[in-house]
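*Asks:* Below: one structure in structure tokens.
The values are calculated or read from the model by the stated rules, or taken from the named source; none is laboratory data. Keep in mind that what you see is a predicted model, and the values were worked out from it rather than measured. Here the Cβ positions follow ideal geometry from the backbone for every residue, glycine too, while neighbour counts run over all protein chains shown.
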């Protein structure tokens, strides 16, 4: 996985669950909704059509009940059990996303996310790279708490998919 330090955010950790459990947590809506955003936030709706051009969309809710619908993204690559690549720049069917949406507003930045799950005995090397078009978008995403947020969400994934669920 190539990382451009001025444009990309990168997260890596070895976790104590098998790669197939990580895959299920990322690809089954009923599982993803349980861990995807740091608590006390929660995912209240999730749509996954696991194929290139298929939709990846989540709606998050704040502890106060405010919903933050995500504009639907599109999977670019799906390699079962090992790799997912999706973007918020394209919608389902690789349709370009509008630059604005009166109901929801434009996304604050466009990105491509790549996830890799490398099986290692009973563990998994979990790697995530989020690619941005420019340094300003990267910095905005970092300031939103990318590293801490992805770390907390991954801890929640591991908790959910621990050895008893794997």
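*Asks:* Can you tell me which residue is surrounded by the fewest Cβ atoms within 10 Å (Cβ to Cβ) among those in segment 32-60 that are part of a helix (DSSP H, G or I) and under 13 Å from the mean Cα position of the chain (by Cα)?
*Replies:* Among them, the one singled out is 33.
*Asks:* When you go through (1) at pLDDT 95 or above; (2) in contact with a strand residue (DSSP E or B) (Cβ under 8 Å, 6 or more places away or on another chain); (3) loosely packed, with under 15 Cβ neighbours inside 10 Å one by one for residue 80, which number turns out not to apply?
*Replies:* In the conditions (1) at pLDDT 95 or above; (2) in contact with a strand residue (DSSP E or B) (Cβ under 8 Å, 6 or more places away or on another chain); (3) loosely packed, with under 15 Cβ neighbours inside 10 Å, residue 80 misses (2) alone.
*Asks:* Checking residue 147 against (1) at pLDDT 95 or above; (2) part of a helix (DSSP H, G or I); (3) in contact with a strand residue (DSSP E or B) (Cβ under 7 Å, 6 or more places away or on another chain), which test does it fail?
*Replies:* All conditions pass for residue 147, except number (1).
*Asks:* With the checklist (1) at pLDDT 90 or above; (2) farther than 18 Å from residue 47 by Cα in hand, flag the one item residue 91 doesn't pass.
*Replies:* (2)
*Asks:* Next question, about the same structure. Would you be able to say whether some residue in segment 8-31 is assigned to a loop (DSSP other than H, G, I, E, B), surrounded by fewer than 16 Cβ atoms within 10 Å (Cβ to Cβ) and free of Cβ contacts under 8 Å to residues at least 12 places away in the same chain?
*Replies:* Within segment 8-31, the first condition is being assigned to a loop (DSSP other than H, G, I, E, B), and the residues that meet it are 16-18, 28.
So of that shortlist, the ones also surrounded by fewer than 16 Cβ atoms within 10 Å (Cβ to Cβ) come out as 16, 28.
Filter again for free of Cβ contacts under 8 Å to residues at least 12 places away in the same chain, leaving none.
No, segment 8-31 contains no residue that is assigned to a loop (DSSP other than H, G, I, E, B), surrounded by fewer than 16 Cβ atoms within 10 Å (Cβ to Cβ) and free of Cβ contacts under 8 Å to residues at least 12 places away in the same chain.
Conditions tested, residue by residue: (1) outside any strand (DSSP E or B); (2) at pLDDT below 85; (3) loosely packed, with under 15 Cβ neighbours inside 10 Å; (4) more than 16 Å from the chain's Cα centre (by Cα).
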residue	(1), (2), (3), (4)
98	yes, yes, yes, yes
105	yes, yes, yes, yes
117	no, no, no, no
128	no, no, no, no
137	yes, no, no, yes
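*Asks:* Sticking with this structure for a sec: Is it true that residue 72 is within 14 Å of the chain's Cα centre (by Cα), in contact (Cβ under 8 Å) with a residue 24 or more places away in the chain and over 16 Å from residue 3 (Cα atoms)?
*Replies:* Judged against the criteria, residue 72 is a match.
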